[in-house]
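The values are calculated or read from the model by the stated rules, or taken from the named source; none is laboratory data. What you see is a predicted model, and the numbers here were worked out from it, not measured in a lab. Positions of Cβ are generated from backbone atoms using ideal geometry, with glycine treated the same way; all protein chains shown enter the neighbour counts. Note: accessible area is taken over every heavy atom of the protein model, side chains too, but ligands, DNA and RNA are not part of it. Shrake-Rupley method; radii C 1.70, N 1.55, O 1.52, S 1.80 Å.
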Amino acid sequence: MRCDLHVHSVASGMCSTPGLNRICRESYNDATEVYKRLKTQGMAIVTITDHDSIDAAEILRKYPDFFLSEEVTVRMPTGTEAHVGVYDIRERDHTEIQRRRNDFISLVMYLTERRLFFSVNHVLSSLTGRRDERDFDWFASYVPALEARNGQMCPQANAGAANLAARFGKVAIAGSDSHAIAGVGLTHTEVPGARTVDEFFAGLLQGRGRIHGMHGGYAKLSADVFSIVNSLLHEKPWTLAISPLAVLVPIFTAGHWLNEIRFCRKWSAILERSEKRTQPLWDVAPHPHDLIPENFRLAFR
């Protein structure tokens, strides 16, 4: 059974690039088109992991092989941010996840209590901004899975993430992270013998998962950005006035790509020299609603 565990649709909202965050979307992928593309690529089950949104569910819930997921922007105890994929949730889970997402400890307690499968995505990427070495201690202590192959990340970043997953004893997963339709389903996770969504995630926790598919690349990233720009021009015809700026896309993506490689090399070197440390929950003062004995059953440690 195969599934692309990281894919986006138009429901991911506006892009985070300064200057474009008021006019351009993160993705222009139509949810139904994403579903059809994933089935064409051989995915047995389908999910969409939009940024802090489950709006695509309204369109796809009619398909029996669809399950609900999201990519959550989480505030770490260090003040940094991380993207966490949370899978096979219910609508009430989404509400609670969004309420807790600015507090990593509170969120982890909820996800663990609910026995939801979750992962840290593109762990060696600068997409969510700065990183703190203590973040990796939190990941090592309380997160069950790491995204070990992301279809938008450079091979070095994916190799580093896979090494971290092995070092920390985490489940390794893969997804395309595609914001343009061309890359959907080209990177995925497989659990041989699984027949249902429950069996798929049980198989991952049992260590039977396999990662497959493409890494990212400069040419692929540039093509995806051009695709997004083209969709922007069709959605907002008035932006044709600034369309000559599209010639700068290769320069922009080259700068981004080089920064990603630099970020990956920096943190790979730091982590290579560091030791795996357990991060006790009591190192950070918890919120009162977290001081419930049942919430300390950390099933995924």
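Residues that are closer than 23 Å to ARG149 by Cα, of a type in the set (D, E, K, R) and modelled with pLDDT under 95 within region 228-272 comprise just one, GLU272.
Search region 116-130 for residues being under 15 Å from HIS83 (Cα atoms) and of a type in the set (A, V, I, L, M, F, W, C), and hand back the single one that is most open to solvent (accessible area, probe 1.4 Å). The selected residue is LEU127. If the condition is being among the aromatic types (Phe, Trp, Tyr) and in contact with a Phe, Trp or Tyr (Cβ under 8 Å, 6 or more places away or on another chain), then region 26-55 contributes only TYR35. Among the residues here, ASN121 qualifies as in contact with an Asp or Glu (Cβ under 6 Å, 6 or more places away or on another chain) and within 26 Å of MET153 (Cα to Cα). What do you reckon, is ARG61 surrounded by 20 or more Cβ atoms within 10 Å (Cβ to Cβ) and either farther than 23 Å from PHE226 by Cα or modelled with pLDDT of 95 or more (or both)? Here the answer is no, as ARG61 does not meet what is asked. Would region 47-58 turn up any residue that is open to solvent by 10 Å² or more (accessible area, probe 1.4 Å), over 17 Å from THR112 (Cα atoms) and modelled with pLDDT under 95? Looking for residues that are open to solvent by 10 Å² or more (accessible area, probe 1.4 Å), over 17 Å from THR112 (Cα atoms) and modelled with pLDDT under 95, one finds at least one in region 47-58, hence yes.
Yes/no matrix, rows are residues, columns are (1) among the aliphatic types (A, V, I, L, M); (2) open to solvent by less than 20 Å² (accessible area, probe 1.4 Å); (3) under 15 Å from the mean Cα position of the chain (by Cα):
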{"residue": "ASP132", "(1), (2), (3)": "no, no, no"}
{"residue": "PHE136", "(1), (2), (3)": "no, yes, no"}
{"residue": "SER141", "(1), (2), (3)": "no, yes, no"}
{"residue": "PRO144", "(1), (2), (3)": "no, yes, yes"}
{"residue": "GLU147", "(1), (2), (3)": "no, yes, yes"}
{"residue": "MET153", "(1), (2), (3)": "yes, yes, yes"}
{"residue": "ASN163", "(1), (2), (3)": "no, no, no"}
{"residue": "VAL171", "(1), (2), (3)": "yes, no, yes"}
{"residue": "ALA174", "(1), (2), (3)": "yes, yes, yes"}
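Candidates GLY185, GLY207: the one that is open to solvent by less than 30 Å² (accessible area, probe 1.4 Å) and outside any strand (DSSP E or B) is GLY185. Within region 181-210, track down each residue that is of a type in the set (A, V, I, L, M, F, W, C) and out of contact with any helix residue (DSSP H, G or I) (no Cβ under 8 Å at 6 or more places or on another chain). Correct list: LEU186, VAL197, PHE200, PHE201, ALA202, LEU204, LEU205. Scan region 256-272 for residues that are open to solvent by 100 Å² or more (accessible area, probe 1.4 Å) and farther than 14 Å from ARG130 by Cβ and jot them down. Hits for region 256-272 are LEU258, ARG265, GLU272. Here ALA194 qualifies as of a type in the set (A, V, I, L, M), buried (at least 16 other Cβ atoms within 10 Å of the Cβ) and either in contact with a Phe, Trp or Tyr (Cβ under 7 Å, 6 or more places away or on another chain) or modelled with pLDDT under 95 (or both).
Quickly run through region 213-242 and pick out the residues that are open to solvent by less than 40 Å² (accessible area, probe 1.4 Å), in a helix (DSSP H, G or I) and of a type in the set (Gly, Ala, Ser). Across region 213-242, the qualifying residues are SER222, SER231. Output the number of residues of region 1-45 satisfying the condition of being touching a Gly at 6+ places or on another chain (Cβ under 9 Å) and either without any contact (Cβ under 8 Å) to a residue 40 or more places away in the chain or open to solvent by 30 Å² or more (accessible area, probe 1.4 Å) (or both). Going through region 1-45 one residue at a time, the tally reaches 9. The set of residues in region 36-62 being over 24 Å from GLU96 (Cβ atoms) and among the basic types (Lys, Arg) consists of LYS36, ARG37, LYS39, LYS62.
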